[in-house]
Each structure stands twice: as structure tokens, then as C-alpha cells.
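Engineer: If you scroll down you'll find the structure; I have some questions about it.
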Amino acid sequence: MAKPRVAFHDFTSCEGCQLQVLNCEDEILGILAAVDIVNFREAIDEKSEDYDIAFIEGAITRDSDIPRLQEIRQRAKILVALGACACTGGLNVLKNFRGIEASMKTVYGEAAGWYETSAARPIDAVVKDDAKVHGCPIPTEEFLELVKSVLAGRTPQIPDYPVCVECKLRENVCLYHKGQYCMGVVARAGCKAWCPSYGGRCYACRGLISDPNNKAAKEILDEKGLTIQNVLDEFRLFNGVYDVAKE
Amino acid sequence: MLPKVLSKDRFADFVARLLGGGRVFAPVAKGPQFAFAEIAGPDEVSRIRMDYDISILPPKKLFMPQRETLLTFKDKGPEGVRAEVKSQPTAILGVHPYDLHAIATLDAAFSKGARDAYYLAKRGATTLIGLNVKAPANENQFAADMNAIDPPAGGYDLFLTDLGDRYYVEISTGAGEALADDDMFTPAGAGDHKGKRAYDAAKAAHFTRKLPYDTRYLPELLDVSYDSLIWEAAARRCFSCGTCTNVCPTCYCFDVLDKLSMDAHSGTRERIWDSCQLEGFAVVAGGENFREERPSRLRHRMFRKGKYIFERTGRTGCVGCGRCITHCVAKISILEAFQQIADQVGA
Ligand code: SF4
Ligand code: SF4
Ligand code: SF4
Ligand code: SF4
Ligand code: SF4
């Protein structure tokens, strides 16, 4: 059987998620033995438009991105959104709330008019994706789990429960017990509670679980003294695409 | 076996003696809270906090690790499968009575029917050094109601009571007897026995009862409250985050996952803690979820704690340690629920 051909494509992103792929040091040889990588700007010069699996990094932020993404969708049998930018639009969606023109002025100043832009969107707002690897950046283990599952033809085991689960398994002192607050109660686990384990709070960079209790989250954040605007900002940081961030 | 006395001057020697027999776990500070952690050598004795109030995770993590490899597999067919039943001699120092009761419940659960080789191997290699505790860790504890402020008969090897300059040491097993067979232990005298009695009297006064009824009525009161609105009210703020079950010393649900290697036919089978509070817990083949709503999941947990585990093992499913209340970000309280059901009869 021919090895599946894999391509990496990036849209608006910091390319940090592709770096995470290169960080899979121990397993990278195993990946290379199992697949042919035909397109990966971060690592190789070769370029081919013939591939089976496409990993898409980055959000869609320009109308001219759309035909490019549609073409990738047509070529790929399996299309995977890689990272927060691709899965939920990630940080890029912030500009939709700040006002696109104002954001352009901040970034490009007088030259703002030279650049094309539109509201930031995740990949699945434009084409269907077959899988998502969440996170900003993606956890290497989840990327590997996905690659192995695709190769074995089975459904990847991606958690759909709050970050708190992994946080408690690591026996962390909860930030709410330290007088702070945290979005882990509604954020999707799979990062092994990265941020709370190193003293920071969770910003829900891996998106929200499928049945988040957003009302309760707003309530406990309010009890911690956050204003309505603060609470919305917490949701908007990475999850501006969800309705809960809009009200 | 008659009680003995261990002078606190000899505590470090006692820990060194335990270290001579294998790994030692004891309560240590974790930020403002406490956790059972390995004491790697005699120079770490000063980390041990015998004055700890309660650990974040209960000692069950040492018999049923959060993540554990059950077997490795290679190629197809049974020849490539290797079970990984692992254990090493371990002493756990400083286990409070409510946690000793919880371990007794787990022992019963894992020995019933299909005996769990993984749990029982670790449990069998463990020496339990209990530690008396004079007052509740916080307002969430109701261990007296659950009859869990004194250690269960036979549920420990040694049981220490802090008498100021010395520990009063009760001995309940042959292993405990062997451990206490050293000149650091001296026979307890009249003053020591009196000290222990005074300690327990003070304890009984501090651990006031919080339920309006005797817990023998708990299973029946739950039964009549099955359709009560209290479950829905409590679940309104629930995140289905599983913290309450992960920190519970008697919860033992787990999930089994196969982790593949890149070659796609070798790998490991692992079990990780699971929780009946998670949305996906009751999803069965075909995608049907028979406990889809938060209130029914919350009610299920409370029924397991107050009724089902008892019916299954003959031992209490809740020891009143209060961890599930303390660590719930939404402050959902099983104690409050158990109090509220007293008024549900005929309601
Ligand atoms: S998700 Fe984060 S790390 Fe990944 S590309 Fe976007 S900004 Fe970079
Ligand atoms: S620190 Fe955050 S993730 Fe951890 S238990 Fe608390 S709320 Fe959940
Ligand atoms: S803890 Fe939260 S913010 Fe941090 S990596 Fe995990 S999901 Fe992202
Ligand atoms: S800890 Fe609290 S919020 Fe989390 S599942 Fe349990 S009851 Fe619900
Ligand atoms: S249900 Fe709550 S109070 Fe009861 S044993 Fe479990 S954690 Fe402790």
C-alpha cells in the first residue's frame, strides 16, 4: 500500500502549531516512516499539490483565502484543522469585536488601506473539516493521537470534558482556592491542564466542550468580582465564535 | 496486641525504618493545601506534615493510579499480549480515619466478583499507618454522621494518636506488630491510655453530627427523594467537571483506552479515572446516552455515595470527608443534599 501523502498549509497564524509538529522529536521518524510529507513550509522546500491528508493551520481572515481553502478541500481526502486559529479562529477573532477597521489601523497605521481583510473565521466556517486538533499551541500528544488514528482508521480519542478533570488528576490546587479564577470549568481538556499546572489560569485556548455550563461560568466569574465586560473578554479571547461571547 | 508508645524524638528513626521496607508516602504541603507525596529518603522527613488537615486527592491514587498501564500488545493474537500487574512495597503514613474507611470500601469493591488484580496487588503490598485527627478539616466534613471518625477494625497496620510529645500506637496486624517490634516503641502505660481517651473525647466533641437523622435511614430517604426537585436545583450550577468524583476516596470508576504506537498494531491498554459526572460517561455503543441530563448525573453520584455502594459492598459509599464539597468550584454540597432529603418524605 502506498504511503499516504500529507500536506501542511497555513493561513493566518503564528506557525507555532507547525513548530509543535516538529517538536514531536521522538516520534517524528515514525511519522516519516508511515507517511510522505509533500508540503510543509516550516520544514521542507518541496511542494506538491497531490496529497491525501491536509493539515490546515490558521484562521481565514481574507476573502481571497476562501478559494485557496476550497481547493485544498477538493484535493484532500482528510482535512484536519490544526490549532486554535484553525479550529475556532483563535485570537484572530478578537479583531471582529474590536472593529476590523480599528484593528487594521492599530497594526498597519497609515498603510491599513493597502491590505485586504475580513472578519476572522475558523476553517469549518468555510469548508467541512474531518477532525480538529485544538489548542494554542496544539499539544504534541494530541497531534500524534490524531495521526495514529487516521493511519489505523479509527476515531481519535479527543477529550470532551473540562480541563478541571486533568487538573485534579494532577492534584493541582484550584485557582479558585487561591483567590483567582479560571476558565477550565468550560474549556476542553487534552492539554493535561497545562496552564493551571504551571501557576497560570486557563484561557480556554482549546475551545469549549460540547455542553459547557456557560451560565454557571458567568455566575462564578461574577462572584469573583469580574464585571460583565471582563467575563465577555474571558470568553472572547479564544472563543469569540461561540454565542456565549457575543451577548 | 497491646498499644505502644513512640516518642516524637524517635519519629525520624521510625520513618527511616519504614524507608528500609520500601517506598514511603506521607502528607506534605502543596501550596496552601496538602497532598500525599513520596518521601525519598531520611533527609526528607522534615517535609512530612503530620498536622495536615486533609489531602487534595485521597490515598486511593496509590492503589488505583490516575493513569495505569494494564497490558502491552504486539501484533495480532494473544501471544503478543503481556499483562502489567505491578506493585512494590509501600508504606502510607498519616492516613486519617475517614480515609481508612474509604480504603476498606475500595477493598470490598475490588475484591467482589471479578477480583481486580491491579488494585489488589498494590493494596497487598501496602502498609497503612493511620493517624488520628481531633477536629474536622473544615465545615464541609461530616465524618461523624458517616461513622468514620474512628478507624475501622482491622483497617490499618498501625494507628497513631498524637499525645503531644509522643504517639500512642495501636497495632492491628502482624505486619504492624513486626514494625513495632523495635526499642523505639515502648509499652503504653496508664498515663498514655488516659491521654488517648481524652483525645477521643475531645474528638467526639469537635465532630458534631450534621445530619438530622441516623445514616442507617439514608438509603431509604434517598429512595423517596428520587423524583425530588433538589437534584435539578443543585445541578443548575454543575459544570460536569468530575472534580467531586476524582477527589472522592470511594469513587472507583475508570475508563479503558488503547494507545497505539505509530506502527498501528502495537501499543498499550491503559485505564484512567473516569467520572459519572462527565457528559460522555454513560454513552454506550450506538451513541445512546442514558444519563444525558446534568440533574440525573448529579443524582446518580449522590445515590452511589448514599445507597448503591453500600448495597453492593456492605460498606459505606461516603465517609463524610467533605472533599467533593471543598473542591467543587460551584460549591455543590452532598451534605446539603443529604440534609434536604430529610424533608422529602411524602412531599
Ligand atoms: S493556534 Fe496559537 S500557536 Fe497555533 S498557529 Fe494559532 S496562534 Fe500560533
Ligand atoms: S484551576 Fe482551573 S482547571 Fe484547575 S480545577 Fe480549578 S477551575 Fe478547574
Ligand atoms: S489550560 Fe486552558 S489555556 Fe492552558 S493550554 Fe489548556 S486549554 Fe489552553
Ligand atoms: S465538582 Fe461540582 S461542578 Fe464539578 S461535576 Fe461535581 S458537582 Fe458538578
Ligand atoms: S462523597 Fe464527598 S464527602 Fe462523601 S466520601 Fe466522597 S468526597 Fe467525601
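No lab work stands behind these numbers, since they all come straight from the coordinates. Remember, it's a predicted structure, so these values are computed and weren't measured experimentally. For neighbour counting, all protein chains shown are included, and Cβ atoms are generated from backbone atoms with ideal geometry for every residue, glycine included.
Engineer: What share of all Cα pairs of the stretch A:163-246, in percent, falls into each consecutive 10 Å distance bin?
Structural biologist: All Cα pairs, binned at 10 Å, distribute as 19, 55, 25, 1 percent.
Engineer: Restricted to Cα positions, what overall size does the stretch B:4-206 have along the principal axes? Three whole-Å values, descending.
Structural biologist: Largest first, the stretch B:4-206 extends 67, 38, 35 Å along its Cα principal axes.
Engineer: Taking the Kirkwood radius as the inverse of the mean 1/r across Cα pairs, report the Rg/Rh of chain A.
Structural biologist: My calculation puts Rg/Rh at 0.99.
Engineer: Against the longest alpha carbon principal axis of chain A, how many degrees, from 0 to 90 and to the nearest 10, is the axis of helix A:25-34 turned?
Structural biologist: On a 0 to 90 degree scale, this one is about 40.
Engineer: Choose one answer from A:Glu166, A:Glu234, A:Glu46: the residue with the largest mean-square fluctuation in a GNM of chain A with alpha-carbon springs under 10 Å.
Structural biologist: A:Glu46
Engineer: With Cβ to Cβ distances under 12 Å as the rule, what net charge do the other residues near B:Glu177 carry (K, R +1; D, E -1)?
Structural biologist: Here the count lands on -3.
Engineer: Then there's this: Too long at a 21 Å Cα-Cα cut-off: which of B:Lys134/B:Lys196; A:Lys192/B:Lys122; A:Lys168/B:Lys203; A:Lys224/B:Lys331?
Structural biologist: Long pairs (Cα-Cα over 21 Å): A:Lys192/B:Lys122; A:Lys168/B:Lys203.
Engineer: Taking amide hydrogens as modeled 1.01 Å from N in the peptide plane, which residues meet the under 5 Å criterion relative to B:Val95, leaving out close sequence neighbours?
Structural biologist: B:Ile129, B:Gly130, B:Leu131
Engineer: Considering only B:Asp181, B:Asp157, B:Asp165, give the residue with the highest GNM mean-square fluctuation for chain B, with springs between Cα atoms whenever their separation is below 10 Å.
Structural biologist: B:Asp165
Engineer: Scanning chain A for chymotrypsin sites (Phe, Trp or Tyr not before Pro) in DSSP loops with at most 16 other Cβ atoms within 10 Å, what's the longest stretch left with none?
Structural biologist: It works out to A:1-114.
Engineer: State the dimensionless ratio Rg/Rh of chain B (Rg: radius of gyration of Cα atoms; Rh: Kirkwood radius).
Structural biologist: Rounded to two decimals, Rg over Rh is 0.99.
Engineer: Now, a different point. Under 17 Å from the Cα of A:Lys128, which lysines turn up, not counting those fewer than eight places away in the same chain?
Structural biologist: A:Lys77
Engineer: Here's something else I'd like to know. Among B:Thr313, B:Thr245, what is the fewest-to-most ranking by other Cβ atoms within 10 Å?
Structural biologist: B:Thr313, B:Thr245
Engineer: Looking at chain B, which Cys residues are left with no other cysteine's beta carbon under 4.7 Å from theirs?
Structural biologist: Unpaired cysteines in chain B: B:Cys238, B:Cys253, B:Cys276, B:Cys318, B:Cys321, B:Cys328.
Engineer: As a footprinting exposure proxy, order A:Met104, B:Met262, B:Met302, B:Met1 by other Cβ within 10 Å, with the fewest listed first.
Structural biologist: Result, fewest neighbours first: B:Met1, A:Met104, B:Met262, B:Met302.
Engineer: What residue among A:Leu208, A:Leu221, A:Leu29 shows peak mean-square fluctuation when chain A is described by a Gaussian network model with Cα springs under 10 Å?
Structural biologist: Of A:Leu208, A:Leu221, A:Leu29, the most mobile in the Gaussian network model is A:Leu29.
Engineer: Semi-axes of the equivalent ellipsoid of the stretch A:42-135: what are they in whole Å, largest first, if each equals the square root of 5 times a C-alpha gyration tensor eigenvalue?
Structural biologist: Whole-Å semi-axes of the equivalent ellipsoid: 26, 15, 12.
Engineer: Something else: Do any cysteines in chain A lack another Cys Cβ under 4.7 Å, and if so which?
Structural biologist: Lone cysteines by the Cβ rule: A:Cys14, A:Cys17, A:Cys24, A:Cys85, A:Cys87, A:Cys167, A:Cys174, A:Cys182, A:Cys191, A:Cys195, A:Cys202.
Engineer: Related question: What FRET efficiency, computed as 1/(1 + (r/R0)^6) with R0 = 45 Å and r the Cβ-Cβ distance, is obtained for B:Ala175 and B:Tyr226, rounded to the nearest 0.05?
Structural biologist: That pair, B:Ala175 with B:Tyr226, gives E of 0.55.
Engineer: What number in nm² do you get for the stretch B:76-159 if you take the convex hull of its Cα atoms and divide its surface by four?
Structural biologist: With the hull built on Cα positions only, its mean projection is 7.9 nm².
Engineer: May I pose another question? Go through B:Lys8/B:Lys30; A:Lys105/A:Lys132; B:Lys194/B:Lys305; A:Lys215/B:Lys307; B:Lys259/B:Lys307; A:Lys148/B:Lys305 and tell me which ones have a Cα-Cα distance over 28 Å in this structure.
Structural biologist: A:Lys105/A:Lys132; B:Lys194/B:Lys305; A:Lys215/B:Lys307; B:Lys259/B:Lys307; A:Lys148/B:Lys305
Engineer: So, counting K/R as plus one and D/E as minus one, what does the shell of residues with Cβ under 11 Å around B:Asp157 add up to?
Structural biologist: Once all neighbours under 11 Å are counted, the net charge is -2.
Engineer: Per the Kirkwood treatment, what hydrodynamic radius in Å, one decimal, follows for the protein assembly as shown from the mean inverse distance over all distinct Cα pairs?
Structural biologist: Result for the protein assembly as shown stands at 26.9 Å.
Engineer: Which whole number gives the average, over all residues in B:238-248, of C-beta atoms from other chains lying within 10 Å of the residue C-beta?
Structural biologist: Mean shielding count: 6.
Engineer: Roughly how crowded by other chains is peptide A:29-41, in terms of the mean Cβ count from those chains within 10 Å of each of its Cβ atoms?
Structural biologist: 1
Engineer: Right, here's the next one. Where does helix A:65-75 land angle-wise versus the long Cα axis of chain A, in degrees 0 to 90, nearest 10?
Structural biologist: Taking the Cα atoms of chain A, the angle to A:65-75 is about 50 degrees.
Engineer: Another question about this same structure. Using alpha carbons only, how many angstrom separate the centre of the stretch A:107-161 from the centre of the stretch A:33-60?
Structural biologist: Going from one Cα centre to the other spans 14 Å.
Engineer: What's the center-to-center distance, using Cα atoms, between the stretch A:9-30 and the stretch A:79-101 in Å?
Structural biologist: 19 Å
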